[in-house]
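Okay, handing you the structure first.
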Amino acid sequence: MFHSRLPKSTIVLVIFLINLFIISPAFALKPNDPDYFLQWYIETMRLPQAWDYTQGSEDVIVAVLDTGLDLDHPDLAANVWVNSDEIGGDGVDNDHNGYSDDVHGYDFVDNDADPSPDFSIGYDPKALTHGTIVSGLIGAVGDNLWGISGVAWRVRLMPVRVLDNYGMADIGPTLKGIDYAVANGADIINLSFQGNFPYEDFAAAIQRAYRAGVVVTAAAGNGTSAVNGFDLDQTQFYPVCYGFDNAADLVIGVGAVDTHDVRSLFSNFGSRCLDVTAPGEEIYSTQVYRGPGTDLAVYQGGWWRGTSLSAPIVAGVAALIKSVNKNFSPNLVYKFLTDTAVPIDSLNEERVRGKLGRGRVDAGAAVKAAVDYNQTQGRLVDTLPKFVAPAPTLNLTSGVVVAPGAGYQPEVKLFNTQLQDEGKFLAYDSKFTGGVNLAVADINHDGRQEVITAPGRGGGPHVRIFTQDGTVLQQFMAYDPKFTGGVNVAIGDVDGDKILDIIIAPGRGDGLASPSLGGPNVRVFDYQGNIKYQFMAYDSKFTGGVNLAVGDLNLDGVDEIVTAPQSGSQPVRVFNFKGQQQSSFTPYAANFKGGVRLAVGDLDGDYQPEIITGPQGSGGPHVRVFDSLGKVKNQFFVFYEKYLGGVRLAVGDYNFDGRDELLVARGSGDSQVKVLTLQGPASPSLGWQEIAQFSAFSQGYTAGVNVAIIEVR
C-alpha cells in the first residue's frame, strides 16, 4: 500500500500489503517445533533434505532491513545478532563504528540503538509486526520444542530498522541501514519492500554491498487490486530491479508462488528483475508479542501472503548455503539457487512464462550443490574478496598495481602516478598466503583497465578479473583444480583478432608432469574463460614452472608469447599462438638455475620492443635487455650487487613520454619498487635514471612484490 504523507520529492519505500486469511493446512506433525506442521512450504522446498547437510551456522549473519524485530521473542531471541565489541547502555561507541550502544543492531528511523518495533506512537499492526514475521521465516530457532522452525535453525539475525510503524521510510535511513549491515559483517541482506523510483545513491549502496561479498535478496513486489502483478520489464520497482542490466546480478529478485507453484496473482514478474520464486501464500510465522488483550497477543500467526515473505525464505536458504562455506561469493550463491531451481513455466499462464526467473527454489538441491562444490573446488580460494577500501568510481588511467609475492594475505593495491594509495582489495581468501600474480588490461574492451590475478604457489589455478575497485567480473580455472603449483598470467592479442587474450602458464608442478597438473602447458583463454589454444613451452616432463610475457616483437600486429623457466636451466623462448618457436636464447650463465622473470616493452623509444629479464629467486639483481633474437642491448644491477633475492618486472609508459618505463621490485626482503627510464638510445654504456621509488606495503613486510603498470595510450 502506498501513502502520500511525505512530499513528492521524497523517495518513499513502501512495505508490501500482506493480507490475512485463514485456511486449514494438513501436514503431518514434525518433531520438536509444535507449529512445524503449519509451515507447508518446508516440504515443498525440500528443506528437510537441506537440513540433512546443514541446519545453519552462528557465523552467518543475515541483516533484516525492516520495521524492527521483537528482540525478546522466545523463538528468535537466541538467534539475534550480538555486537560483542559494544557495551550497551553506556552511551559510548565502544567499537568505533559510528553508533553508540548498538548491541543488537540499530534503528535508523528513530536514530537510536533499539531496533525493536516502536509502540510509542500510532502504528499499523501488520506493518509493525512485519520485521518479526520476516525474521522468523529466515531464522526462528529450530528443534527447540517451541513455535516454528526458521529456514536456518542457527543463524544470526541483525535487525536494522529502516521502515516506520506504517511500513514507510525515507531513502536516507535505508541507505544508512545497508551501509551499517555491510560494515558490521552481514553476509546476507534481506529487503522486503519496494519503491517506485530509481535512486542513484540507493543503487550505489547495493553495489557496495555486492563488492563486500554480501548477498542481497529483494522481494519482487505486489501488484495493486486492479493489477494482478506488474510486469517489471515494463514498470520497474526498486530495489528488486537494481542491477538487472549489469554484467553481475547484484540483487536476487524473488517472486511469489502458491502451493502448486503457480504465480501468486499479486506477485510482480519480469525477465530482467526476477531471478527465482518461492512460496508466498498461506505463510505462518513469528509475530510481535505485546500482551493479552492487545492487537498483538500471540507469538505466532498467519496466514500471511506477499512477495515480502518469499524473499526472506530465499534469504534463509542463502544462509544455509553460506553455512557450508561462509566465503562463497554472491555469484556462487546465486548460481546454486538458480541452477537448481524447479522450472515452473509450464504450470503458469503464457503471459508470465519466461518471467519467473529460473523457477521455484529447491533448498535441498541448492544446499547439496553447495556441499558438492565445496568438497571439490571450494577449498581452492574460490571466494569473493572482501572489499577493503570502497572506491566505486575508481578508474585510473595510469598508475601501478602491486600484490604480495608470498607469505602475506592476497592484497592487491593500486597507486596513482604520484604514488598515492588509491585503494585495495583481497584477490582471494584472506588465509591464502601463496602470493598473487598480476596483469592489467582493458580485457573486456569497456574503456576501463581491469586487474587480472592468478594465485601463486599453494593456490588452485584460479584466474580472476576485477574492476579497479575490487568487483569480480569473471573467473575461471585455468588447469585441473587439483593443481596447486601457482599460475602466471599475461595479456595480449596473440592471434590478431583485435580482441585481447589471457595467456596462462603453470608454476612449479611438484613433479606432476601431465599438461593439466604441472607440465609446461601454456594456455590461451578468452575473456569468458574458454580455452582457445595451448602448447608445451618445454619438454612435457619439465615441472619447474613457466614465467610469461607478451608483446609484438616482430612488428606484424600480433603479439608473441615469451616464456622462461621459474626454476631450472631452460632457455627463454619466443612462440606464436600455435606454439611454433620463433627464437630462443639463454639470458644468464648456463649453470644458473634460479629461474628467470620476464617483461616485454619498448624501453628506448625505437618502436622495437625488447625482452627484459631478471633473476627469479636466488640470483642477484641483474637486469638484462635483449632484442627479439637474444642479443644483449643493455644490462645493469638495479639494487645493491650482493642482493640475492631476485626481482619482479613490469613495463609500461608510466609517465606518458612515448617510451616504456621499467618497474623493478624486490623478489624478497622488503616491498621496494623502483620506476626506471633509460637515458638516451639503447646502449650497454648508458645507464638508467630512477624517476620514482616507493614501498608497496608497510614496514616489516618481507614477501617481495609482484607489479603491473596501468596505462591508457
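Please compute one quarter of the surface area of the Cα convex hull for the range 155-239 and express it in square nanometres.
The Cα convex hull of the range 155-239, projected and averaged over all directions, gives 6.5 nm².
Right, next: Note the angle between two axes, namely the Cα long axis of helix 307-324 and the longest principal axis of the Cα atoms of the chain, as a number of degrees from 0 to 90, rounded to the nearest 10.
Rounded to the nearest ten degrees, it is 50.
Calculate, for the range 400-522, the solvent-accessible area per residue in square angstrom, rolling a 1.4 angstrom probe over the heavy atoms of the protein chains.
29 Å²
Can you show me the helix-derived [θ] at 222 nm for the chain, built from DSSP H runs with n ≥ 4 at -39,500 (n - 2.57) apiece and divided by the number of residues, rounded to the nearest 500.
-3500 deg cm²/dmol
Also, I was wondering about something else. Let me make sure I get this right: for the range 174-330, a, b and c are the square roots of the gyration tensor eigenvalues over alpha carbons, sorted descending. Under 1.5 in a/c it's rounded, otherwise prolate if a/b > b/c, else oblate. Which is it?
Details: a/c = 1.61, a/b = 1.18, b/c = 1.36.
Since a/c reaches 1.5 but b/c is at least a/b, the shape of the range 174-330 is classed as oblate.
Of the listed values (i) 29.2; (ii) 27.3; (iii) 30.2, identify the label whose number matches Kirkwood radius over Cα pairs in Å calculated from this model.
(ii)
List the residues, sorted by chain then number, that are 5 or more residues from Asp602 or on another chain and whose placed amide H is less than 5 Å from its amide H.
So Asp602 has HN proximity to Glu610, Asp660.
Okay, moving on. Between Asp442 and Gln409, what length in nm is gained on full extension when 0.36 nm per residue of separation is reduced by their alpha carbon distance?
Extra length available between Asp442 and Gln409 comes to 9.3 nm.
So who's got an amide H within less than 5 Å of the one on Tyr533, skipping anything under 5 residues away but keeping other chains? H placed 1.01 Å off N, in plane.
Val524
Determine the share of the chain's accessible area contributed by carbon and sulfur atoms, expressed in whole percent, with a 1.4 angstrom probe. Spell out each step's value before the answer.
Values: 12610 of 25800 Å².
Here it works out to 49 percent.
Within the chain, which is the longest segment that contains none of the GluC sites (Glu not before Pro) sitting in a DSSP loop with at most 15 other Cβ atoms within 10 Å?
Free of exposed loop sites, the longest segment is 1-348.
For an R0 of 41 angstrom, estimate the FRET efficiency from the Cβ-Cβ distance between Asp345 and Gln375 and round to the nearest 0.05.
0.80
Follow-up. Angle check, please: helix 363-373 long axis (alpha carbons) against the longest principal axis of the chain (alpha carbons), in degrees 0 to 90, nearest 10.
The helix 363-373 is inclined about 20 degrees to the chain.
What percent does the relative contact order of the chain come to when contacts are Cα pairs within less than 8 Å and at least six residues apart?
Value for the chain: 9 percent.
May I ask you to evaluate 6.51 cos²θ - 1.76 cosθ + 1.60, the Karplus curve with θ = phi - 60°, for each residue of the range 584-599 and list the ³J(HN,Hα) values in order in whole Hz, giving x for glycine and proline?
7, 7, 9, x, 10, 4, 4, 8, 7, 10, x, x, 10, 8, 9, 8
Under the 0.36 nm per residue contour assumption, what length would be gained going from the current alpha-carbon distance of Met536 and Gln582 to full extension?
Full extension of this stretch gives 15.2 nm more.
Post the alpha-carbon centroid distance, the range 158-217 to the range 103-157, in whole angstrom.
Result: 16 Å between the Cα centres.
Sorting His260, His622, His73 by accessible area (1.4 Å probe), largest first, what list results?
Values: His260 135, His622 40, His73 0 Å².
Sorted descending by solvent-accessible area, the residues read His260, His622, His73.
Could you compute the FRET efficiency for Gln420 and Phe636, with r as their C-beta to C-beta distance and R0 at 35 Å, rounded to 0.05?
Working: r = 28 Å, r/R0 = 0.81.
That gives a FRET efficiency of 0.80.
Next question. In a solvent-free Debye calculation with one equal scatterer on each Cα, what is log10 I(q)/I(0) for the range 261-349 at q = 0.15, 0.21 Å⁻¹, listed in the order of the q values?
Once normalised to I(0) and log-transformed, intensities are -0.73, -1.08.
Figure the gain on full extension for Asp143 and Asn554 (residue separation times 0.36 nm, minus the Cα-Cα span) and round it to one decimal in nm. List each step's numbers first, then the result.
Working: separation 411, 0.36 × 411 = 147.96 nm, distance 7.08 nm.
Once the chain is fully extended between Asp143 and Asn554, it gains 140.9 nm.
About the Cα centre of the range 83-168, what is the dipole size in debye to 20, counting +1 per Lys and Arg Cβ and -1 per Asp and Glu Cβ, all else neutral?
620 debye
Still on this structure, I have one more. For the peptides 303-315, 170-182, what is the packing order when you average, over each peptide's residues, the other Cβ atoms within 10 Å and list the highest mean first?
Answer by packing, highest mean first, reads 303-315, 170-182.
Still on this structure: Quick one: what are the phi-derived ³J(HN,Hα) couplings along the range 202-216, Karplus 6.51/-1.76/1.60 with θ = phi - 60°, whole Hz, x for glycine and proline?
Calculated HN-Hα couplings, in order: 5, 4, 5, 5, 4, 5, 4, 4, 4, 4, 7, x, 9, 7, 10 Hz.
Let's test the formula: R0 of 35 Å, r as the Cβ-Cβ distance of Gln608 and Ser84. What FRET efficiency results, to the nearest 0.05?
For Gln608 and Ser84, the calculated efficiency is 0.05.
Please list the non-local residues whose amide H lies under 5 Å from the amide H of Gly423, H modeled 1.01 Å from N, same-chain partners needing a gap of 5 or more.
Leu414
So, one more: Could you state the angle between the C-alpha long axis of helix 130-139 and the longest principal axis of the C-alpha atoms of the chain, as a value from 0 to 90 degrees rounded to the nearest 10?
60 degrees
Let me ask something else about it. Please say if the range 104-171 is rounded, prolate or oblate, where rounded means a/c under 1.5 for a ≥ b ≥ c the square roots of the C-alpha gyration tensor eigenvalues, and otherwise the choice is prolate for a/b larger than b/c and oblate otherwise?
prolate
To continue, here is another question. Please compute the per residue accessible area over the range 205-336 with all protein chains in place, 1.4 Å probe, rounded to a whole number of Å².
28 Å²
State whether the range 82-211 is rounded, prolate or oblate according to the following rule on the C-alpha gyration tensor (a ≥ b ≥ c being the square roots of its eigenvalues): a/c under 1.5 gives rounded; otherwise a/b larger than b/c gives prolate, and the remaining case gives oblate.
Rounded, because the longest to shortest axis ratio a/c is under 1.5.
Residue by residue through the range 420-427, which ³J(HN,Hα) values in whole Hz follow from phi under the Karplus form 6.51 cos²θ - 1.76 cosθ + 1.60 (θ = phi - 60°), with glycine and proline marked x?
8, 5, 9, x, 7, 7, 8, 6
The values are calculated or read from the model by the stated rules, or taken from the named source; none is laboratory data. Just so you know, these numbers come straight off a predicted model, no measurement behind them. Note that each Cβ is placed from the backbone with ideal geometry, even for glycine, and that neighbours are counted across all protein chains shown. These accessible areas exclude ligands, DNA and RNA; they are computed on the full protein's heavy atoms, side chains included. Shrake-Rupley method; radii C 1.70, N 1.55, O 1.52, S 1.80 Å.
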